[in-house]
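The values are calculated or read from the model by the stated rules, or taken from the named source; none is laboratory data. Predicted model only: the values in this text are computed from it and were never measured. Please note: Cβ atoms are built from the backbone with ideal geometry, for glycine as well, and neighbour counts cover all protein chains shown.
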Amino acid sequence: MIKKAVIPAAGYGTRSLPITKVIPKEMFPIGGKPAIHYVVEEAVASGIEEILIVISRTKNLIMDYFDHSLELEAFLERVNKTHLLEKTTVPDVHIQYVRQSHAKGLGDALKIAEPFTGCDPFAVLLPDDIYVGKPALAELIEIFESYNENVISVKQLQNEMLKDYGIIKGELVSEGLYRLKEIVEKPKIFPPSNYAVTGRYVFNSGIYQYLSEVLPDFGGEIQLTDAIQLMLKEEVFFAKECTGDRYDIGKEQDYIRLLNR
Ligand code: G1P
């Protein structure tokens, strides 16, 4: 059973500058709620009971958002506006936080989660990727529970977008399910397919060993994709084509599409 999830939210959000100088992209509003609210809701809807959010020193807004605002609640009671109290509620789940002191990439952010997840298998949700419809994580957890093997989410994207994502090569197992053969981070040329990794993962604790073997890329970042590539040589990995609609809020046109849906 997958009960723990990690949400890495420590990046600088460079794709969305200048607004991310002051507003973390995880806090971008969608229908009055921040993006990360939907990601936490997806985790809860998928059966997750404990969440670790990896933040950085500029992301305190995220902690404030999931905390009670006692002042505001007292104010609403005092002015007889208790009907608005429900608007202040957030998903009912245990959330804890850890700070990543240097932004050294997604793989590095995940390494920090090891004391939290321990030997248990766990989920990872990247908060840039918002799913509408069937919770993508629930689909991965179903696969994990049938096979007891690592699994990541994928979607088919148009060719011109493949350079911005982890791209897989898979072997068809059954409809929408692939056995992973290869994974490359942001291929500039010759992507191995048009199936891109879309921000949901379920890992066995073995991933930490591979993360510790990965060398930083040319930008000094530890890529999770590189650890997966090492791991799939030794362990079974599946890729599941998720059925919900998916939006990358780090891409302005996707964010606008999400707001207008
Ligand atoms: C990360 C992963 C990439 C994945 C993407 C999904 O990239 O490294 O493999 O396809 O998330 O959103 P980032 O968006 O952090 O550049």
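Considering only residues of the stretch 1-36 that are of a type outside the set (D, E, K, R), assigned to a helix (DSSP H, G or I) and touching a Pro at 6+ places or on another chain (Cβ under 7 Å), which is nearest to N150 (Cα to Cα)?
Residues of the stretch 1-36 of a type outside the set (D, E, K, R): 1-2, 5-14, 16-20, 22-24, 27-32, 34-36.
Applying the additional criterion that residues be assigned to a helix (DSSP H, G or I) yields 14, 16, 19-20, 27, 35-36.
After this cut, where a residue has to be touching a Pro at 6+ places or on another chain (Cβ under 7 Å) as well, the list is 27, 35-36.
Numbers: M27: 29, A35: 26, I36: 24 Å.
This residue is I36.
Taking the stretch 214-242 as the search range and keeping residues that are in contact with a helix residue (DSSP H, G or I) (Cβ under 6 Å, 6 or more places away or on another chain) and assigned to a helix (DSSP H, G or I), which one is nearest to the ligand (Cβ to nearest atom)? I'd like the intermediate steps shown before the answer.
First, pick out the residues of the stretch 214-242 that are in contact with a helix residue (DSSP H, G or I) (Cβ under 6 Å, 6 or more places away or on another chain): 214, 222-224, 227, 230-231, 238, 240, 242.
Applying the additional criterion that residues be assigned to a helix (DSSP H, G or I) yields 224, 227, 230-231.
Values: L224: 6, A227: 11, L230: 15, M231: 14 Å.
So the residue we want is L224.
Looking at the structure I just gave you, is G118 within 12 Å of the ligand (Cβ to nearest atom) and not hydrophobic (A, V, I, L, M, F, W, C)?
No.
Considering the stretch 155-169 alone, what residues qualify as being touching a Ser or Thr at 6+ places or on another chain (Cβ under 7 Å) and more than 9 Å from the ligand (Cβ to nearest atom)? Full working, then the answer.
Here is the first cut: in the stretch 155-169, the ones touching a Ser or Thr at 6+ places or on another chain (Cβ under 7 Å) are 155, 166-169.
Matches in the stretch 155-169: K155, I168, K169.
Examine the stretch 192-207 for a residue that is among the hydrophobic types (A, V, I, L, M, F, W, C), within 11 Å of the ligand (Cβ to nearest atom) and either on the phi < 0 side of the Ramachandran plot or over 21 Å from the mean Cα position of the chain (by Cα) (or both), and state whether such a residue exists.
Yes: one or more hits.
Does E182 satisfy the condition of being out of contact with any helix residue (DSSP H, G or I) (no Cβ under 8 Å at 6 or more places or on another chain), among the acidic types (D, E), without any contact (Cβ under 8 Å) to a residue 60 or more places away in the chain and part of a strand (DSSP E or B)?
No; evaluated as a whole, the condition is false for this residue.
Read through the list (1) touching a Leu at 6+ places or on another chain (Cβ under 6 Å); (2) surrounded by fewer than 11 Cβ atoms within 10 Å (Cβ to Cβ), then give the number of the only condition that L76 fails.
Looking at each condition in turn, L76 falls short on (2).
Going by what's in this entry, would I189 be described as in a strand (DSSP E or B) and either within 11 Å of the ligand (Cβ to nearest atom) or modelled with pLDDT under 95 (or both)?
Against the criterion (in a strand (DSSP E or B) and either within 11 Å of the ligand (Cβ to nearest atom) or modelled with pLDDT under 95 (or both)), I189 does not qualify.
Does the stretch 37-54 include one or more residues that are among the polar types (S, T, N, Q), more than 15 Å from the ligand (Cβ to nearest atom) and either within 23 Å of C119 (Cα to Cα) or modelled with pLDDT under 95 (or both)?
Yes, there is a match, as at least one residue in the stretch 37-54 is among the polar types (S, T, N, Q), more than 15 Å from the ligand (Cβ to nearest atom) and either within 23 Å of C119 (Cα to Cα) or modelled with pLDDT under 95 (or both).
On the given criteria, is F218 without any contact (Cβ under 8 Å) to a residue 24 or more places away in the chain, at positive phi and among the aromatic types (F, W, Y)?
Considered against the rule, which asks whether it is without any contact (Cβ under 8 Å) to a residue 24 or more places away in the chain, at positive phi and among the aromatic types (F, W, Y), F218 comes out as no.
Considering each residue of the stretch 147-164, count those that are farther than 18 Å from T225 by Cβ, free of Cβ contacts under 8 Å to residues at least 60 places away in the same chain and outside any loop (DSSP other than H, G, I, E, B), and give that number.
Residues meeting the conditions: 2.
Residue check: is L215 aliphatic (A, V, I, L, M) and touching a strand residue (DSSP E or B) at 6+ places or on another chain (Cβ under 9 Å)?
In short, no.
When both residues are 6+ apart or on different chains and their Cβ atoms are under 6 Å apart, which pairs have a first residue that lies in the stretch 42-55 and is among the polar types (S, T, N, Q), and a second that is assigned to a helix (DSSP H, G or I)?
Close Cβ pairs satisfying both conditions: S46/L137; S46/A138; S46/I141.
Identify, from the list I167, I207, I228, I249, the residue that is touching a residue at least 24 places away in the same chain (Cβ under 8 Å), surrounded by 13 or more Cβ atoms within 10 Å (Cβ to Cβ) and in contact with a Pro (Cβ under 6 Å, 6 or more places away or on another chain).
I167
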